[in-house]
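Have a look at the structure below, then the notes.
Readers should treat all values here as calculations from the given coordinates under stated rules, not as data from a laboratory. Because the structure is a prediction, the values reported are computed rather than measured. Cβ coordinates were reconstructed from backbone atoms using ideal geometry, including for glycine residues, and neighbour counts include every protein chain displayed.
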Amino acid sequence: MEPILLIVCVLAGGVLASLGVHLLPVGGAPAAMGTATGVATGTVMLMLGAAMCGLFTAASVATFSGCILIVSLSGAVGSWLMMGVTMLMANLLYVFGTGIVPVSGRVDVDPITGESQKEYKTPQCDGHGVPNVSYISGMIGALLGGFGGAIMYFALLNYANFEPTMAGVAAMGIFVSNAIIAAYNIGGTIEGFQDPKFKRLPKALLTCGVISLLCGVLVWVVADLGGLGGVM
């Protein structure tokens, strides 16, 4: 077992998970009614779905590759694809089902395309759909989050010598704990990096860094004293 690499990978994965969550366009219940931008689900649920897809692809690649970069990138791509499809389907439902235009409620001009937003926003709402800037932000967040989850899985599998199923469950648990902390920091909905709430990121990164460090140490202690590696 390699304790230093194990702890570093878990720490990095947790911090990346927190960063990824802050980049997602989360709309929650208001988005379900078309009165807020983002996907109509909670922060943790949205990131959990992306993380699971990332772990599935990472676990598949890990069966024939022992390269941490390849496994981590495969996790990033799996998460990226899931989030891209989710946001696309959400926009299709908003546009063709509800008849509203994806538009930001936090900026008057889209920072990516330069398109004006104010004229298309429904009065008394905080935007709707997944506008271009939020879509791109979500894709970046999914890549980072998927990479973080996959690097934790690789560390648990190879550095702590966990059995694949145990490594996946442990990685998911650490990932979710960091996502919950980020969700509390966000406090409901967020559009992406252009959202004023994104400025709260440093506090979340610090907190998630401490939590991930403790998780890494705990995993090392359990694997070393309990002999779980290769058994569970």
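Annotations for the structure displayed:
- Dipole magnitude for the chain: computed about the Cα centre from +1 point charges on Lys and Arg Cβ and -1 point charges on Asp and Glu Cβ, it is near 280 debye.
- Shown for 23, 6, 48: other C-beta atoms within 10 Å of each C-beta, ranked fewest to most, produce the order 48, 6, 23.
- Whole-angstrom gap from segment 115-167 to segment 47-76, using each part's C-alpha centre: 15
- In the chain, the DSSP-assigned H stretches of four residues or longer account for a calculated mean residue ellipticity at 222 nm of -21500 deg cm²/dmol, using -39500 (n - 2.57) per stretch and the full residue count as denominator.
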